[in-house]
Amino acid sequence: MRQKEMFMPLVHLPGHAQVDFGEADGYIGGKLVRFHYFCLDLPHSDGCFVKAYPTEDTESFLDGHVTAFAFLGGVPQSILYDNTKIAVTKILGDGKRQRTKAFSELQSHYLFEDRFGRPAKGNDKGNVEGMVGYSHRHFMVPLPIAADFNALNAKLLDGCIKRQQAKLRGQTETIAERMKRDTAALMALPAVAFDACHKISTRVSSLSLVRYRSNDYSVPTQYGRREVLVKGYVDHVDICLGTDIIVRHARSYGREEFIYNPLHYLALLEQKPRALDQAAPLQDWVLPEVFDRLRRVLDVRMERRGRKEYIQVLRLLENFSLTQVEQAIKQAMGFGTIGFDAIKHLILCAIEQRPAKLDLTLYPYLPRASVKSTEPRSYLSLLRMPQANQQTMEARYD
């Protein structure tokens, strides 16, 4: 009869950690979603840190370490992992691991020792696996309800802190009391936190889009077809040219989505005004009602020129706030001076706190023009003009 494997009781020294991910369901922003949570356990004290993420990826793996170290106030001397592909690209024949570039950069920044469990041997890191299960049972049952991940993580952090008052079976001290030895054995944090992001080099498409994890993010059209660096974080995506951030977008966790900023396309739209009504980046752009009213007035008064004039007004949003432009449009329509120049003038006057020259109530000495509607009958008087007067006028132009 084959004997089942036996295990040796272990003693855990202060200042060492284990890391793993778990997954659970919850209502985030009113939707039932499956999320992943990073879990760091200190086996000596049973202290823990738990943080939830939309996915288990490089960004969440790196961010989990950075926020956990900040919470602990130091860096563990060593961290034990399973053989996640986020950290390990290959297990070599002698048992050594070939690390991913992102993990190597993290380790080089914080200088902790990495250790890895044997493949398919969960007991090698039994403490953190037990903590993953504990977190699920105590923090995520019943299903958590939160407005967003920030709110959910605030609850999880509160649960980790409250748990420190517990005195576990076989212990005479609370977790908090034993954690003092753990924190005292931690290495000091570096002066600057690690930049917890996933980096890829790519090219801006002819549609002024950059693809990152199956989603397309817009950049200003002036950067079209150029090589850029994309830095993906947990909650945002930075698109960089050299060391400069061209644009920052909120991170999308959908698939094959287009994340547009309409302002990125206005310069191109001014060159191609006929595309105004079909421009995809503008389709979901919600503007105050006065913009639509302005568009209709410009179309009536200026016909084809009105479309380009309206695009010029939209381009004011590149440099001024939506509120500033909206108020200037309302003022211009009130003065009856509809157009780009008038609206820009009113914005600048508001910023510089000077009176607008378009407001004729400030110039009472100027004569007022009275424009009335013309009636066709008024032209009949020309047809009834006495013959002598007609001859005089004809002689004048002979």
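What's the number of the only condition in (1) among the aliphatic types (A, V, I, L, M); (2) open to solvent by 40 Å² or more (accessible area, probe 1.4 Å); (3) in contact with a Phe, Trp or Tyr (Cβ under 8 Å, 6 or more places away or on another chain) that Ala70 fails to meet?
Result: Ala70 passes all but (3).
Do you know which residues across segment 100-114 are farther than 16 Å from Asp195 by Cβ and either in contact with a Lys or Arg (Cβ under 9 Å, 6 or more places away or on another chain) or modelled with pLDDT under 95 (or both)?
Asp114, the sole residue that qualifies.
Please go through segment 264-274 and pick out each residue that is touching a residue at least 24 places away in the same chain (Cβ under 8 Å) and either surrounded by fewer than 16 Cβ atoms within 10 Å (Cβ to Cβ) or in contact with a strand residue (DSSP E or B) (Cβ under 9 Å, 6 or more places away or on another chain) (or both).
Residues of segment 264-274 that are touching a residue at least 24 places away in the same chain (Cβ under 8 Å), as a first pass: 264-270, 273-274.
If the condition is that a residue be touching a residue at least 24 places away in the same chain (Cβ under 8 Å) and either surrounded by fewer than 16 Cβ atoms within 10 Å (Cβ to Cβ) or in contact with a strand residue (DSSP E or B) (Cβ under 9 Å, 6 or more places away or on another chain) (or both), then His264, Tyr265, Ala267, Glu270, Arg274 are the ones that fit.
Consider segment 11-36. How many of its residues are out of contact with any strand residue (DSSP E or B) (no Cβ under 7 Å at 6 or more places or on another chain) and in contact (Cβ under 8 Å) with a residue 24 or more places away in the chain? Steps first, please.
Filtering segment 11-36 down to residues out of contact with any strand residue (DSSP E or B) (no Cβ under 7 Å at 6 or more places or on another chain) leaves 11-15, 29-31.
Within this subset, residues satisfying the condition of being in contact (Cβ under 8 Å) with a residue 24 or more places away in the chain are 12-15, 29.
Number of matching residues: 5.
Which pairs turn up if I take residues in segment 100-119 that are without any contact (Cβ under 8 Å) to a residue 12 or more places away in the chain and look for partners that are open to solvent by 80 Å² or more (accessible area, probe 1.4 Å) and outside any helix (DSSP H, G or I) with beta carbon separation below 8 Å, at least 6 apart in sequence or on another chain?
Cβ pairs passing all conditions: Gln107/Arg99.
Check Asp46, Asp63, Asp57, Asp82 and return the single one that is touching a residue at least 40 places away in the same chain (Cβ under 8 Å), at positive phi and crowded, with 16+ Cβ neighbours inside 10 Å. Outline the logic, then answer.
On the way: Asp63 fails: at positive phi; Asp57 fails: at positive phi; Asp82 fails: at positive phi.
Testing whether each residue is touching a residue at least 40 places away in the same chain (Cβ under 8 Å), at positive phi and crowded, with 16+ Cβ neighbours inside 10 Å leaves just Asp46.
The values are calculated or read from the model by the stated rules, or taken from the named source; none is laboratory data. Just so it is clear, the model here is predicted, and its values are computed rather than measured. So basically every Cβ, Gly included, is an ideal-geometry build from the backbone, and we count neighbours across all protein chains shown. Only protein heavy atoms, including side chains, enter the accessible area calculation; ligands, DNA and RNA are left aside. Shrake-Rupley method; radii C 1.70, N 1.55, O 1.52, S 1.80 Å.
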